[in-house]
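Down below is the structure, laid out as structure tokens.
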Amino acid sequence: MKEPLVRLELITGEVIVDLMLSALALEYARENLGFMRPEAGFRLFLDDEEVSQAFPPEPRREVDSGGFRNAHGGQGGEIPAVAFTRWYRWRERISMGGVALPGVYLLAQFQIMPDGPADPTEKQIVYIGATDRPLVERWRDFDRVVAGKAGNHSGGKTYRKIFGHRVDDLYVAALPVSLDKKFSWRFSSYVEAKLLWEFVWQWELQPACNRD
């Protein structure tokens, strides 16, 4: 089934901004984040038909990443939670579960590793990334670039420029994504952008190796 075309007209005084948004991303924002609400002052159109009361208040819920619900006729399932693994030493990364899946990952430098699930706003984070390949493969790219054996990871090149070949204090955490292929990259890239925004909002700068 063809994905519906979504147009959001955000009204700020006399200014109207037309945005072309993915129906899946919009649904995720409505269901899981709750930041798009009627009081924000906008009109929503789905395939050029205005949708009234598009964002009624709904409780936020945490669910497993076993599927992605498309309210506009897609496959059933639940919206995935954004929940990272604990931190792993870089040299022990393959012992993490889910590394054969694509997903979102965090790299950070710690003198003392924090306990519990990784917090994506930790100031020690140096890179936030996403991949549509198995995480372990993308991490291999990063490792080879840092070692000076390849050049196919931009974050890895920036890391080597700033920190050299040092990985003794490097840690990694991940959000493996087990969605259908047609959804996984959209979700991963959305989460990556969201986390980068939250990091910048918290610290007023990007992670060191996400800088252009």
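Laboratory data are not the source of any read-out in this text; all were calculated from the coordinates shown. As the structure is a computational prediction, the values presented were derived from the model and not from experiment. Reconstructed Cβ throughout: ideal geometry from the backbone, glycine too, with neighbour counts over all protein chains shown.
Net charge of the neighbourhood of G116, taken over other residues with C-beta under 13 Å away and scored Lys/Arg +1, Asp/Glu -1, is -2. Each of L101, L175, L196 was scored by other Cβ atoms within 10 Å of its Cβ. Listed from fewest to most, they are L196, L101, L175.
Computed extension length for R133-H165: 9.1 nm, one decimal, from 0.36 nm per residue of separation with the Cα-Cα distance subtracted. Computed extension length for A83-A100: 4.4 nm, one decimal, from 0.36 nm per residue of separation with the Cα-Cα distance subtracted. Sorting Y159, Y88, Y105 from the fewest to the most surrounding beta carbons within 10 angstrom yields Y88, Y159, Y105.
Between beta-carbons, use under 14 Å as the cut-off and find the net charge around A130, counting Lys and Arg +1, Asp and Glu -1.
Numbers: positive: R133, R138, R186, K194; negative: D132, E137, D141, E192.
With Lys, Arg at +1 and Asp, Glu at -1, the neighbours total 0.
What FRET efficiency would be calculated for the residue pair K181, N152, taking the C-beta separation as r and a Förster radius of 25 Å, to the nearest 0.05? List each step's numbers first, then the result.
Values: r = 22 Å, r/R0 = 0.88.
Given R0 = 25 Å and the Cβ-Cβ separation, E is 0.70.
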